[in-house]
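**Q** Pasting a structure below so you can have a look.
Every read-out reported here was derived from the displayed coordinates using simple, explicitly stated rules and does not represent laboratory data. All figures in this text were calculated on a predicted structure; none of them were measured in a lab. Note that each Cβ is placed from the backbone with ideal geometry, even for glycine, and that neighbours are counted across all protein chains shown.
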Amino acid sequence: MGAELVLLHGFTQTGRSWQPVHRALAGRYRAVAPDLPGHGDFAGRPASFAACDAYLRALVRGSHTLVGYSMGGRIALHAALAPDAAVRRLVMIGASPGLEDPGERAARRTADDALAARIEAIGLEAFVREWGAQPLFAGMPRGVAELAHADRMRNAAAGLATALRGLGTGVMPSLWERLGELALPVELVVGERDEKFRSVAERMAWALPSARVHVVAGAGHAVQLEAPDAVVDVIVGERQRPH
């Protein structure tokens, strides 16, 4: 596939969540936004970082810019660090390299397993309401929140549980010590109201050889939904980036 730009969604979303960014791109890139394992049309696909890497390699073979939001950002970072990766530039939105402390990772994995079981027990609709009510998404404009809810409802409870068990933060190995291996340009996008991930992005920028932090005024965690034009500005900005 001749895609120049690959867009990876977050947990509970689907590839359709990138439609506002697609519209703002206005055809300036050949872009693809796949459903990730456990989500949307791939609810039944095995979910692991190795499976995602193989899936992305089969989907896009040439050099490309890789953009990932939250869980999609973690997957994008793994893909960019893989041997012979064809990623020329990485954009991470509200994303992290993982949890450094083994005890914290183990606790998070236990919590993720419990949440996966809860998703299966209460069903998709009830879980989606709970997920959207988190403080992480507080302040999201009403129309944007409604679109996010509709996109989450394209999933299946079993698929989201599988994704959480295979791609959750508790399962992910810490990549903090590997950030120095990334010679390619990295753009770190965070919302002004997303204090947790602003701190993560600032720390990542110190560890990465070539990185910039972009704080989007007024936005929360889901910058690509709340301020798609700002995300496109970062993507298009690669043509003005000094080398």
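**Q** Please report the relative contact order for the stretch 99-243, taking Cα pairs under 8 Å with a sequence separation of at least 6, and give it as a percent rounded to a whole number. Please report the intermediate quantities before stating the final value.
**A** On the way: 162 pairs, mean separation 35.9, N = 145.
Rounded, it is 25 percent for the stretch 99-243.
**Q** To continue, here is another question. Please list, by residue number, every one of the GluC sites (Glu not before Pro) in the stretch 179-243 that is coil in DSSP and has at most 15 other beta-carbon atoms within 10 Å.
**A** On the way: sites: Glu181, Glu187, Glu192, Glu195, Glu202, Glu226, Glu238; in loops: Glu192.
Counting only loop positions with at most 15 other Cβ atoms within 10 Å, the GluC sites (Glu not before Pro) in the stretch 179-243 are Glu192.
**Q** Go ahead and collect, in residue order, the members of the stretch 193-225 whose backbone nitrogen is under 16 Å from a label point 7 Å along the Cα-Cβ direction of Trp176.
**A** 196-208
**Q** Quick one: among Gly132, Gly94, Gly40, which has the greatest mean-square fluctuation in a GNM of the chain with alpha-carbon springs under 10 angstrom?
**A** Gly132
**Q** Moving to a separate point now. If we count other beta carbons within 10 Å of each Cβ, what is the order of Tyr69, Tyr55, fewest first? Working shown, then result.
**A** Numbers: Tyr69 29, Tyr55 18.
Least crowded to most crowded, the residues run Tyr55, Tyr69.
**Q** HN-Hα J couplings of the stretch 24-35 from phi, Karplus 6.51/-1.76/1.60, θ = phi - 60°, integer Hz, Gly and Pro as x?
**A** 5, 5, 6, x, 6, 9, 7, 10, 9, 10, x, 6
**Q** If you average the alpha carbon positions of the stretch 182-243 and of the stretch 52-102, how far apart do those two centres end up, in angstrom?
**A** 15 Å
**Q** Could you give each residue of the stretch 134-148 its phi-based ³J(HN,Hα) in whole Hz, using Karplus coefficients 6.51, -1.76, 1.60 with θ = phi - 60°, and x for Gly or Pro?
**A** Listing the rounded values in order: 4, x, 4, 9, 4, x, 5, x, 4, x, 5, 4, 5, 5, 4 Hz.
**Q** A further question follows. Using only the Cα atoms, work out Rg/Rh for the chain, with Rh taken as the Kirkwood radius, to two decimals. Walk me through the numbers before you get to the answer.
**A** Working: Rg = 16.6 Å, Rh = 17.9 Å.
That ratio is 0.93, to two decimals.
**Q** Among Ser70, Ser210, Ser17, which one shows the biggest mean-square fluctuation in a GNM of the chain, springs joining Cα atoms closer than 10 Å?
**A** Per the Cα network of the chain with a 10 Å cutoff, Ser210 tops the list.
**Q** Skipping prolines and chain starts, which residues have an amide H placed within reach, meaning under 5 Å, of the one on Ala219, given they are 5 or more residues away or on another chain?
**A** Under 5 Å from the amide H of Ala219 lie the amide H atoms of Glu192, Arg193, each far enough along the sequence or on another chain.
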